[in-house]
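To keep things clear, I will list the structure first and then write my remarks on it.
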Amino acid sequence: MSQLTIEGLWKQFGGNEVLRGLSLSIEQGAIVGLVATNGAGKTTLVNVLFGVYRKDRGTLRFEGRDLPQLPHDVVDAGLARTFQSVRLSPTMTVLETIRAVLVNRNCHVSQFVGSGRLTKTVRQKESELVSRFGLVAVAHSLVGSLSLAVQRKVEMARAVATGARFLFLDEPASGLSDTEEDELVASILELRCRSGITMLVIDHRIDFLRRIMDRLVFLHEGQVALDSSSSNIGAVLENPLMGNEYFGPKHLLKSRDQISAAVQDHPLRTAVLSISGAFIERGGVPVVKAADYSCHSASLSAVVGPNGGGKSSLLQCLAGILPAKSGIVRVDGIETNHKTLFSATSIAMVPENADVFPGLTVEENLRLGLHRGSADTWLHKLNLVTKRYPRLRETLLQSAGVLSGGERKMLAMARALIGEPRVLLVDEPSAGLAPAWVGRTYRTIAELVEQGVAAVVTESQEVCCDGYADRISFMKQGTLVDIALTRMKMPASASNNQE
């Protein structure tokens with residue numbers, strides 16, 4: 001029996017039709033994988049189902065009843081969700097986060113506030129959830145101190161604490177290492193085995209989805225284009241439409257040798273930005289320990305490793321956002337400080353969470369990346385970045401607040417590029433992007449490298465950048481080690497600055 005039924009669902013923002021008569025039904029107890037190109041309507045679909053956006057027209061039914069239109073009523077009906085970017089209070093402990101939901105759902109808050117006592121039901125359920133999701137060891141830890149992988153488990157536990165019978169997971173594997181992904185797979189399968197909960201999982205990591213899903217659905221242009229319920233998962237993955245639109249045409253993928261040929265002997269390959277003896281803290285806790293690192297012009301360097309290892313902190317230090325406790329930073333060989341770095345127009349950073357200004361339009365966000373120049377300069381640069389990201393041209397006058405996570409990532413990247421930086425720092429460029437867009441993003445970075453830009457990326461998995469990076473370093477628990485100098489031919493003067 002269908003637990004969730006969607007019929008003829010339409011939703012548009014301004015003149016942009018995101019959902020175009022989408023119809024989908026999901027059986028009780030199933031785990032359905034949902035994939036699509038960025039901007040195809042995945043996140044909009046979930047936001048409409050949860051009452052964040054009002055549908056334009058269509059029918060939404062859950063367990064035979066019309067789905068409510070207000071978020072809290074949707075949760076009361078038995079649906080819960082997690083988010084692409086984890087939304088938890090960093091100052092609450094794991095236990096407090098789960099307990100807050102259980103108290104709200106199982107007893108009157110006034111009773112709890114007055115007595116400070118938990119009911120037997122709440123105690124049993126919080127103990128069960130903490131144990132089920134492997135959170136016993138961190139139950140009294142602040143959420144903000146935990147790795148992304150553990151935070152995702154906490155968010156899932158919080159969602160299950162609502163008593164949900166249907167769970168939406170939005171990009172749960174994004175940014176996770178192989179080991180963290182294994183743990184997530186185990187948690188999801190155990191959850192389904194124990195509770196029989198139905199799940200709709202949105203993710204771009206197909207290998208991850210194949211380990212958990214019973215069925216695969218592919219959205220294209222706001223509609224269900226492919227569904228394995230009428231064939232099989234393999235047939236969907238091998239379908240030419242998915243191959244061209246989702247994975248990307250193979251003839252557009254450059255090989256390692258093709259990408260590196262133009263930059264191997266680039267005459268401008270010098271150390272543009274470097275740091276030596278970097279000791280970085282967050283909240284008094286060491287996150288980077290005595291690291292030496294440098295960014296070279298005409299090269300793409302990658303720092304890979306598990307979440308919480310210090311990758312993002314290193315990048316933020318190089319951008320001047322997070323000052324080092326100790327260490328020397330140099331630009332073009334000249335010692336400088338984090339304030340100078342932060343104000344430098346030649347250094348641009350794209351954070352993992354793709355910060356944009358939701359109250360501004362896409363065009364206004366892009367203008368923020370333009371430091372100087374005439375109107376003609378602006379139009380020229382706008383034309384260049386929208387050629388790289390044609391999806392943004394379609395949404396120039398649209399509020400950035402209604403963009404999907406992947407589209408926000410594109411916007412943040414385009415805003416950085418429009419300023420023509422000498423140093424480009426990108427934190428987890430593959431997170432939240434469909435495979436075709438991951439390839440396009442790295443090809444864009446490679447093209448900038450060919451023009452002499454020094455680029456540094458971080459990734460949780462080496463496979464994401466292995467085909468593009470000139471140099472790969474590994475970072476774990478604040479320690480940085482070079483594991484591959486794959487294509488770089490370092491000048492003698494630069495080699496002294498390497499780890």
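The values are calculated or read from the model by the stated rules, or taken from the named source; none is laboratory data. This structure is a prediction, so every number in the text was calculated from the model and none was measured. Using ideal geometry, Cβ is built from the backbone for each residue, glycine included, and neighbour counts are taken over all protein chains shown.
Considering (1) under 22 Å from the mean Cα position of the chain (by Cα); (2) over 26 Å from Arg194 (Cβ atoms), the lone condition that Pro68 does not fulfil carries the number (1). Among residues of region 17-38 that are β-branched (Val, Ile, Thr), those with a beta-carbon under 6 Å from a residue that is part of a loop (DSSP other than H, G, I, E, B) at least six positions away or on a different chain give the pairs Val18/Gly41; Val18/Gly222; Ile31/Ile212; Ile31/Met213; Ile31/Asp214; Thr37/Ala434.
Of the residues making up region 419-430, those that are touching a Gly at 6+ places or on another chain (Cβ under 6 Å) and surrounded by fewer than 22 Cβ atoms within 10 Å (Cβ to Cβ) number 1. Of all residues in region 330-350, those satisfying the criterion of being within 14 Å of Gln316 (Cα to Cα) and either among the hydrophobic types (A, V, I, L, M, F, W, C) or buried (at least 17 other Cβ atoms within 10 Å of the Cβ) (or both) are His338, Leu341, Phe342, Ala344, Ile347, Ala348, Met349, Val350. Within region 50-74, work out how many residues are outside any loop (DSSP other than H, G, I, E, B), in contact with a Pro (Cβ under 9 Å, 6 or more places away or on another chain) and modelled with pLDDT under 95. The number of residues fulfilling the criteria is 0.
When region 422-480 is filtered for residues that are assigned to a loop (DSSP other than H, G, I, E, B) and hydroxyl-bearing (Ser, Thr, Tyr), the ones remaining, listed by number, are Ser430, Ser460, Tyr468. When region 432-482 is filtered for residues that are over 30 Å from Leu241 (Cβ atoms) and among the aromatic types (Phe, Trp, Tyr), only Phe474 remains. Taken across region 431-441, residues that are of a type outside the set (Val, Ile, Thr), without any contact (Cβ under 8 Å) to a residue 40 or more places away in the chain and either under 28 Å from Tyr53 (Cβ atoms) or in contact with a Gly (Cβ under 6 Å, 6 or more places away or on another chain) (or both) do not occur at all.
One residue stands out among those in region 467-482 that are in contact (Cβ under 8 Å) with a residue 24 or more places away in the chain and surrounded by fewer than 18 Cβ atoms within 10 Å (Cβ to Cβ): the one that is farthest from Ala319 (Cα to Cα), which is Gly467.
When you look at Ser299, is it crowded, with 19+ Cβ neighbours inside 10 Å, in contact with a Leu (Cβ under 9 Å, 6 or more places away or on another chain) and modelled with pLDDT of 85 or more, yes or no? Answer is no for this residue.
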